[in-house]
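Reading through the structure tokens given below for one structure.
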There are 2 protein chains.
Amino acid sequence: MTVRPTDTKEEILRLGTELIQVYGYNAFSYADISKELDIKNAAVHYHFPGKEDLLAGIIDQYIQRYKELGEKINAPGITAKQKLDVFISRYTDLCEQNKICIIGSVCSDYNTMPESVKAKLGELIEMVLGMVEKVLQQGKKNGELDFPETARVKSLLIMTNLAAGVQLARITGKKDYMAICKSIIDQVST
Amino acid sequence: MTVRPTDTKEEILRLGTELIQVYGYNAFSYADISKELDIKNAAVHYHFPGKEDLLAGIIDQYIQRYKELGEKINAPGITAKQKLDVFISRYTDLCEQNKICIIGSVCSDYNTMPESVKAKLGELIEMVLGMVEKVLQQGKKNGELDFPETARVKSLLIMTNLAAGVQLARITGKKDYMAICKSIIDQVST
DNA sequence: AAAGCCACTTACTAAGTAGTAAGTATTTCC
DNA sequence: GGAAATACTTACTACTTAGTAAGTGGCTTT
């Protein structure tokens, strides 16, 4: 009804995600967020008492988005190859913005994190791997895709190619990343 | 001749490397190093004036070690497959110690680093990729290995599998990493 | 219209951060 | 034996960090 005012909490989540993808979890502070959003750091603490709570919120949001993506690609008329493209394009988007996958970013700091966050990260990864696995399985079954590995292992191979691919792209440039993407497609093509 | 006293500088480099691999670059401080080595933080600053200098030193040491590895595996009588195993076992060692590859670790914080360090990282990566590429090329030439991609692209695929593989292993366990390693070998086997 | 909640701000603290200037003990060189 | 270099320690500073307690203004509910 009324024009919704800027949702501060949403903005914090959005900016926090970006900061993790661009600079890393332990490289940004609440001050970075409050300055950018022109609020006081106490306002950030109001929504997320500790930095761990913010990280948990960010991961939760990610899980939510992947759930939505999962429903979206379950729509009829989408080929397995197209579904795979959707996943790849998510990483390509990151690459284009000089960002890296949040899982890979947070992984460096994994051992500085509380168990609750570690568990959430595990949940997120299993979900993503599970979705890719399902797509690969379907594609293999209907003859659209082919590969010698099991769908689970192939999903591990593809996801590690993509995750480390965007990391590598920061240093050696996008060309290497693009070559990786092409190979991923080629490897599963019939 | 005389018993060499503990080389403080070497110890700092060793511990710094470990801290990056275990906790990440932006997650450790000079205090962590000085406490562990039972010296004062000023002693760390004496050897490495700034944290960037320490990181540069660590990467330099890594480059040096890979150069040595390069000479070692150029010895006669070593098959391409064995050479590839040497690379893989380096990552398997990391995985066993719950560490991650220094390149992957530093990559999250890449955008917080000075150009000098970025350049060194690029040098390190090109070197490692170049070595793997050479091994693959040789193996393909003498019929020991086979793969559809170019040696360069295959080295990208293998290195991203390994780098992100050890990251993943932190969260989902070593089983996934082992499956990745097995697939890497299978994919290039004739 | 009073009471209460929400989303903040004001104002602060304790601890940790990288970094430095000056001093000291020990060895090395001439 | 004196000078200089090496490898530190002592003692500190300026700054940033996450985090908090108390207050405020506006909106809603009763």
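None of the figures in this text is laboratory data; all of them are computed from the coordinates on show. Because the structure is a prediction, the values reported are computed rather than measured. Note that each Cβ is placed from the backbone with ideal geometry, even for glycine, and that neighbours are counted across all protein chains shown.
Things to note:
- The set of residues in the range A:94-107 being assigned to a helix (DSSP H, G or I) and under 12 Å from A:GLN21 (Cα atoms) consists of A:LEU94, A:CYS95, A:ILE102, A:ILE103, A:GLY104, A:SER105, A:VAL106, A:CYS107.
- Residue that is part of a helix (DSSP H, G or I) and in contact with a Phe, Trp or Tyr (Cβ under 8 Å, 6 or more places away or on another chain), where the choices are A:LEU129, A:LEU124: A:LEU124
- Pick from the range B:103-122, criterion surrounded by 22 or more Cβ atoms within 10 Å (Cβ to Cβ) and touching a residue at least 24 places away in the same chain (Cβ under 8 Å), ranking: farthest from the other protein chains (Cβ to nearest Cβ): B:VAL106
- A:GLY139 vs. criteria of a type in the set (Gly, Ala, Ser), more than 24 Å from B:ILE185 (Cα to Cα) and surrounded by 21 or more Cβ atoms within 10 Å (Cβ to Cβ): yes
Residue-wise test of (1) within 14 Å of another protein chain (Cβ to nearest Cβ); (2) away from DNA strand D (no atom under 16 Å from the Cβ); (3) hydrophobic (A, V, I, L, M, F, W, C).
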residue: A:ALA42; (1), (2), (3): no, no, yes
residue: A:HIS47; (1), (2), (3): no, no, no
residue: A:ILE58; (1), (2), (3): no, no, yes
residue: A:GLU68; (1), (2), (3): no, yes, no
residue: A:PRO76; (1), (2), (3): no, yes, no
residue: A:LYS83; (1), (2), (3): no, yes, no
residue: A:VAL86; (1), (2), (3): no, yes, yes
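- The residue of the range A:129-153 that is nearest to the other protein chains (Cβ to nearest Cβ), among those that are of a type in the set (A, V, I, L, M, F, W, C) and in contact (Cβ under 8 Å) with a residue 24 or more places away in the chain, is A:LEU129.
- Residue satisfying condition, being in a helix (DSSP H, G or I), within 24 Å of A:GLN167 (Cα to Cα) and not aliphatic (A, V, I, L, M), within set A:GLU68, A:GLU52: A:GLU52
- Filter result for the condition that a residue is in contact with a helix residue (DSSP H, G or I) (Cβ under 6 Å, 6 or more places away or on another chain), touching a residue at least 60 places away in the same chain (Cβ under 8 Å) and within 30 Å of A:GLY143 (Cβ to Cβ), over A:TYR25, A:TYR91: A:TYR91
- Residue count for the range B:28-43, restricted to those that are more than 8 Å from DNA strand C (Cβ to nearest atom) and closer than 18 Å to B:MET113 by Cα: 0.
- Of the residues making up the range B:157-179, those that are facing chain A (nearest Cβ under 7 Å) and not hydrophobic (A, V, I, L, M, F, W, C) number 7.
- Each residue in the range A:36-74 was checked for being within 15 Å of A:GLY130 (Cα to Cα) and small (Gly, Ala, Ser), and 1 of them qualify.
- Residues in the range B:60-100 that are more than 17 Å from B:ILE185 (Cα to Cα), surrounded by fewer than 20 Cβ atoms within 10 Å (Cβ to Cβ) and of a type in the set (A, V, I, L, M, F, W, C): B:ILE63, B:LEU69, B:ILE73, B:ALA75.
- Candidates A:GLY57, A:GLY16, A:GLY50, A:GLY24, filtered to the one that is within 15 Å of DNA strand C (Cβ to nearest atom) and surrounded by fewer than 16 Cβ atoms within 10 Å (Cβ to Cβ): A:GLY50
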